[in-house]
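Here's the structure we're looking at; comments come further down.
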Amino acid sequence: ALIEREKAELGGAQLLSQAREAFVTANYTTAVALIDSIRNAFPLAFNAREEGILLKDSVLLEQAREELRNAKDIAGDSIDMEELHMKVTFYERKLLHDLDQKQTH
């Protein structure tokens, strides 16, 4: 069972690495898809899944911040700036909460 876990963690770590690369290049959709695939592909990769939660929080937070920056550039009346601010705040809080709850398995 330990070897199974180690193999799963290695596979999960590879997906996390790919997700980080996608995140750095602002390919948020790909990053989230890779992170989400860890649970299905490597259910025993508990540490990789924990790291994936934090990375996904970071991706979604940066995506929300980018939406807010773009909205400010457009500054149109049809865009609800308050809603975008709330979205950013939500992901900031979620990231802090998940960091606090993170465990090593």
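When the stretch 1-14 is filtered for residues that are farther than 30 Å from residue 67 by Cα, aliphatic (A, V, I, L, M) and open to solvent by less than 90 Å² (accessible area, probe 1.4 Å), only 8 remains. Screening the candidates 26, 19, 48 for the property of being assigned to a loop (DSSP other than H, G, I, E, B) and at pLDDT 95 or above yields one hit, 26. When we screen 44, 55 for residues that are under 23 Å from residue 92 (Cβ atoms) and hydrophobic (A, V, I, L, M, F, W, C), the only hit is 55. For the stretch 68-105, the candidate set comprises residues that are of a type in the set (Asp, Glu) and at pLDDT 90 or above; within that set, the residue that is most open to solvent (accessible area, probe 1.4 Å) is 100.
Among the residues of the stretch 15-27, those identified as surrounded by fewer than 16 Cβ atoms within 10 Å (Cβ to Cβ) and under 20 Å from residue 67 (Cα atoms) are 24, 25, 26, 27.
Close Cβ contacts (under 6 Å, 6 or more residues apart or on different chains) running from residues in the stretch 33-45 that are open to solvent by less than 60 Å² (accessible area, probe 1.4 Å) to residues that are among the basic types (Lys, Arg) comprise 35/56; 38/49. In the stretch 69-88, the condition of being under 14 Å from the mean Cα position of the chain (by Cα) and in a helix (DSSP H, G or I) is met by at least one residue.
The values are calculated or read from the model by the stated rules, or taken from the named source; none is laboratory data. Values in this document were obtained by computation on a predicted structure and should not be read as measured data. Quick reminder, even Gly has a Cβ in these numbers, built from the backbone with ideal geometry, and neighbours come from all protein chains shown. Heads up: the accessible areas ignore ligands, DNA and RNA and are worked out on the full protein's heavy atoms, side chains in. Shrake-Rupley method; radii C 1.70, N 1.55, O 1.52, S 1.80 Å.
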